[in-house]
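Laboratory data are not the source of any read-out in this text; all were calculated from the coordinates shown. Just so it is clear, the model here is predicted, and its values are computed rather than measured. Positions of Cβ are backbone-derived with ideal geometry, glycine not excepted, and every protein chain shown enters the neighbour counts.
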Amino acid sequence: MEAQLAPVCTVLVNCMSLRSSHAVFPLLADKLKAPGGQNGLRSFLTAPGPAVLLVLDEMDQLDSKAQDVLYTIFEWPHLQKSRLCLVGIANALDLTDRILPRLQARPHCRPLLLHFPPYSRQELTAIVQDRLSQASADGVLDESAVQFCARKVSAVSGDARKALDVCRRAVEVVESDERKKKASDPTGEPKELRVSLPQVARVLSEIYGDRMASPGGADGESFPLQQKLLVCCLLLLTRSGKSREVAVGKLHEVYSRLCARRQVSAVGQGECLSLCGLLESRGIFSLKKAKEARLAKVFLKIEEKDVENALKDRALLGSILAAGLPS
């Protein structure tokens, strides 16, 4: 693959790092050693030379008032004699349909959309085992512990980083316990480091609460509890407010209070945004990203009467709605 890409000029930009959407143009000019400004980049990309592969991560951060930045970038690959190949990565599945409607009128500019769903239990298991193999640590985690971690994380978010983080923290728990034992009994024989299911369950309990750490409970086929709670909170806020759109910061605040009321560990604001993205992929939420996660806007994409059917949990929804907004 590297040999095939050798004659290609590859540029990777994380749009989260930009001060504003228009800051992408001088950054690209610098990386490509091209003349500045949109016209300079346009001339550079249509002049003879090697192919240019431009990867824009967090592309939805280029959202601007008139969407001139995104429209300009999407038009570049279709310029006559253009040598640009554009790859955009975004959490919002409907990015081009929602904020770039003019692309629909230009079939040649319409991008090919690839949806990458959350990782399944089997995929998370394979990822963790592969990382253990790379680190020559195949025997450190019991297979049952890896399977348990993968099943629980796939039920909440399907986030590979979270699964790896749970395993890492479980290893740290075992190391800490061993250090304490050695301090209390210096003459004791050191044991081989091994992480089993109880240590993984302990970490999951700290992150998600006891319900998620129990051997039964949520699995990949059910609607995850944390997502159910977020949907209920958004429904409460929608009913009590004047606008359908709610800031993620406000949603997380109400969700955290609801979790405290129900004695469930709440996820942080960053993971709350990720869960909103997963709910968007289910077709329940619609998400409008912002420079700051807490300012991103979210609203229900389905009718209120369809929420109960989507959650498939009448008892939970009924009890939360009856209690009203948590104080």
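Could you give the length gained on full extension between GLN80 and GLU303, defined as 0.36 nm per residue of separation minus the Cα-Cα distance, in nm? The partial results should precede the final answer.
Working: separation 223, 0.36 × 223 = 80.28 nm, distance 4.50 nm.
Length gained between GLN80 and GLU303: 75.8 nm.
Between the alpha-carbon centres of segment 124-142 and segment 258-291 there is a gap of 29 Å.
In a reduced charge model with +1 at each Lys and Arg Cβ and -1 at each Asp and Glu Cβ, segment 56-117 shows a dipole moment near 360 debye about its Cα centre.
If each Cα of the chain is one equal point scatterer, what is log10 of I(q)/I(0) from the Debye formula at q = 0.06, 0.09, 0.12, 0.14 Å⁻¹? For the chain at q = 0.06, 0.09, 0.12, 0.14 Å⁻¹, log10 I(q)/I(0) is -0.29, -0.63, -0.97, -1.14. Rounded to the nearest 10 degrees, the angle from helix 248-261 to the longest Cα principal axis of the chain is 10 degrees.
Can you check how the C-alpha radius of gyration of segment 225-323 compares to 2.2 N^0.38 Å, as a plain ratio? Don't jump to the answer; show the numbers that get you there.
Details: Rg = 12.3 Å, N = 99, 2.2 N^0.38 = 12.6 Å.
My calculation over the Cα atoms of segment 225-323 gives 0.97.
With r as the distance between the Cβ atoms of SER184 and ARG106 and R0 = 45 Å, compute the FRET efficiency 1/(1 + (r/R0)^6) and round to 0.05. Mind showing how you got there, number by number?
Details: r = 71 Å, r/R0 = 1.59.
Result of the calculation: an efficiency of 0.05.
The relative contact order of the chain comes to 13 percent, based on Cα pairs under 8 Å that sit 6 or more residues apart.
Computed from the C-beta positions of SER319 and GLN122, the FRET efficiency with R₀ = 45 Å rounds to 0.85.
The relative contact order of segment 2-109 comes to 28 percent, based on Cα pairs under 8 Å that sit 6 or more residues apart. With respect to the chain, whose longest principal axis is taken over its alpha-carbon atoms, helix 37-46 is tilted by about 80°. Partner lysines whose Cα lies under 25 Å from the Cα of LYS289, excluding those fewer than 8 positions away in the same chain, are identified as LYS65, LYS162, LYS228, LYS242, LYS250, LYS297, LYS301. The length gained by stretching the chain between SER144 and ALA260 to full extension, at 0.36 nm per residue less their Cα-Cα distance, is 38.7 nm.
Calculate the dipole size of the chain relative to its Cα centre from +1 charges on Lys and Arg beta carbons and -1 charges on Asp and Glu beta carbons; express the result in debye to the nearest 20. Present the calculation step by step, with values, prior to reporting the outcome.
Details: 45 positive and 38 negative charges, 222 e Å.
That gives the chain a dipole magnitude of about 1060 debye.
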